[in-house]
Amino acid sequence: MFVTTIRRLARHWRSLTFSAVAIASLTLTGYQLHFNNATVVLLLLLVVLLQSLAGEPILSLIVAAAAALCLDYFFLPPIFFFRVDDPLDGIALSVFLIVAAVVTWQVTRIRAEALRARQHGRQVEQVYEIAIRLLLLPPDQAAGAPGLAVFRDVLGSAAVCLFDAATVELVRDGTSKHDLPELTRQAYISGKDIDYPERGIFLRCLKIGGTIIGAIGFEGLRHSAAISPAVPVLAAAAVERARSFRRASHEIAAAQADTFRTAIVDAVAHEFKTPLATILAVIGGIRVSGKLDPEQEEMAGMIESEVSRLEQLSMRLLRTARLDREQVKPRLETLDIVPFVARVVHRFTAHNPDRRVPTAAGSEWTEVLADRQLLELALTQLLDNAFKYSPASSPVAVSVREEERSVAIRVRNEGTSIGPGERERIFDRFYRGLRVRNLVSGTGLGLHIARRIAEAHGGSLKLEDSDGSGAVIFCLRLPLSPPPGGTHEFTALHTTV
């Protein structure tokens, strides 16, 4: 900066010396050759104009004053006196000074506008170059060291630092002498643009939609004008581009993981079918042979019952995995929902000997259009969920009710409550509640599949607010076929057999 100042002073001194020599030469020549005053005035104005084009405004005014003094002293009577006797000569001298001042001001303004235009053009070129080079970078590198290298190269700074508020990471390119990373972090915390001209450091906050997402700092620049207002915008766009890439990559990875998990569940469930069928065939043959005593017959019956139950569980898991992977396409038929729900509840509790479910149904008909197998799977998932996540001594209630041209099937249990932040997430694939995921085994597919089945029938599955008792209530709603039915309830009570 010192060298630049010396060069600027030397340039001004040369222009001032040239103007002084020009005024002296014109004065001497005009005096000896007896130029008329109009010619002298025009020649002196030409010197003032040249000085205005080459130097600072203050120097131009000094040259104009010197030219006016020479004009008064050597050409306006009385000669060799700094006095004007003729009023017209006084007016001419005043006009000379005014014209010289106006010319100086206009030339200075034009020079300043030209300088601003050149700076703006340079900034446009820099912004264009930065934008093109950032776009050529891979998205994950736009907000990293390669992206900062682009800013440093184009702007000519010694170091560039970027702070990303989302990842709380600082990335730097170049060598900093004044702890640029910490200053950049402080700029984000303060939420303000900060300049340290004495150190050549300029800090800018990055904003997207009015929200500050980070900060960028430059070190080694001569002045803040070197940073176009569009530069922080480009940096913010680079940060957002990197974030979007990370989110997209995470979503793709999650989708692939879900696909792999579903395929594994499908494969495992399918592999269970053959050995279970073999065990059932063998145990059936042993029982038919009639060579078992009563105690052995009882044990064989228990084996057959448990293997049959395991086979049904594996089949349900297999259907669940396939439904999660494929589009649900129900085969609709007319069902009387009251006895249908009663049969599903009865079949489900038959495999839970410690829990009996007495049912009661009215005589009214409540018909819906549904796929019998899919709807049974959905209800079984809800019952399994209610039994699994409720204490052994608490009741589970199932009710069927006609509500606004639809049938609402509610499954209620008094288990662990579900937090507000998880009310929708529990229907996501493979998601299990934070409070129970380590207490009860499961795949996290049941509620997801049950909701998909309900939606495929034109209905819905939601978690309803409890009645203040802390109960968990799932409501499966299906469109009702005419005529409308009544209200029927089934209550599942936990009893010890």
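One table, with the values for the structure above:
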{"quantity": "Meets criteria (surrounded by 13 or more Cβ atoms within 10 Å (Cβ to Cβ), modelled with pLDDT of 65 or more and assigned to a helix (DSSP H, G or I)) for residue 292", "calculated": "no"}
{"quantity": "Residue count, region 76-114 (criterion: in a loop (DSSP other than H, G, I, E, B) and in contact (Cβ under 8 Å) with a residue 12 or more places away in the chain)", "calculated": "4"}
{"quantity": "Region 161-187, subset among the charged types (D, E, K, R) and part of a strand (DSSP E or B), residue farthest from residue 212 (Cα to Cα)", "calculated": "173"}
{"quantity": "Flag for residue 216 being outside any helix (DSSP H, G or I) and either under 16 Å from the mean Cα position of the chain (by Cα) or at positive phi (or both)", "calculated": "no"}
{"quantity": "Residues (buried (at least 20 other Cβ atoms within 10 Å of the Cβ) and touching a strand residue (DSSP E or B) at 6+ places or on another chain (Cβ under 9 Å)) located in region 137-149", "calculated": "143, 147, 148"}
{"quantity": "Residues (farther than 18 Å from residue 141 by Cα and either crowded, with 19+ Cβ neighbours inside 10 Å or at pLDDT 90 or above (or both)) located in region 200-216", "calculated": "200, 201, 202, 203, 204, 205, 207, 211, 212"}
{"quantity": "Region 159-171, residues that are out of contact with any Cys (no Cβ under 8 Å at 6 or more places or on another chain), buried (at least 18 other Cβ atoms within 10 Å of the Cβ) and either modelled with pLDDT under 85 or not acidic (Asp, Glu) (or both)", "calculated": "159, 160, 161, 162, 163"}
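So that you can scan it fast, the table gives a plain yes or no per residue for (1) in a helix (DSSP H, G or I); (2) of a type in the set (A, V, I, L, M, F, W, C); (3) under 20 Å from residue 387 (Cα atoms); (4) at pLDDT below 75:
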residue: 418; (1), (2), (3), (4): no, yes, yes, no
residue: 421; (1), (2), (3), (4): yes, no, no, yes
residue: 440; (1), (2), (3), (4): no, yes, yes, yes
residue: 447; (1), (2), (3), (4): yes, yes, yes, no
residue: 454; (1), (2), (3), (4): yes, yes, no, no
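The values are calculated or read from the model by the stated rules, or taken from the named source; none is laboratory data. It should be emphasised that the depicted structure is a prediction, and the values quoted were computed from it without experimental measurement. Cβ atoms come from the backbone with ideal geometry, glycine included; neighbour counts cover every protein chain shown.
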